[in-house]
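Nothing in this text is a laboratory measurement; each read-out follows from the coordinates by a stated rule. Not measured: the values here are computed from a predicted model. When we count neighbours, we look across all protein chains shown, and the Cβ atoms used for this are built from the backbone with ideal geometry, even at glycine.
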Amino acid sequence: MPRRNRQQRQKGFRADTSHRGAGTAYGASRVEQGPDGDWMVRTVPAAQATKIYRCPGCDHEIQTGIAHVVAWPEAELGGVDERRHWHTGCWKARARRGPTRRWS
């Protein structure tokens, strides 16, 4: 009978994440410059996408389990109320398409 070469995890084992900085659970924020100003952008991995959002670029829903980005104005004008969840492709194409009528 073949042997298992994988180590078995003990019950209750959790990886040590104390070395991670703040904000790494959803990806680190970065500043992106564009024709519409500077934006703080954070990548949300699929495993962390647990809610449904509506993308301002295409006006379609971002379903749970879909990786996407969160963007908000970098200047003092932006805050929690200014955050928007975008499909990654819609965010990259925002200079060509812009937000839909609902968000303008």
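At an R0 of 30 angstrom, the distance between the Cβ atoms of Gln63 and Arg4 translates into a FRET efficiency of 0.25.
Across segment 31-83, the mean sequence separation of Cα contacts (distance under 8 Å, 6 or more residues apart), normalised by length, yields a relative contact order of 35 percent. With 0.36 nm allotted per residue and the present C-alpha distance subtracted, the Arg54-Val31 stretch has 6.0 nm of extension available.
Remark on segment 24-74: hydrodynamic radius 11.6 angstrom, per the Kirkwood mean of 1/r across alpha carbon pairs.
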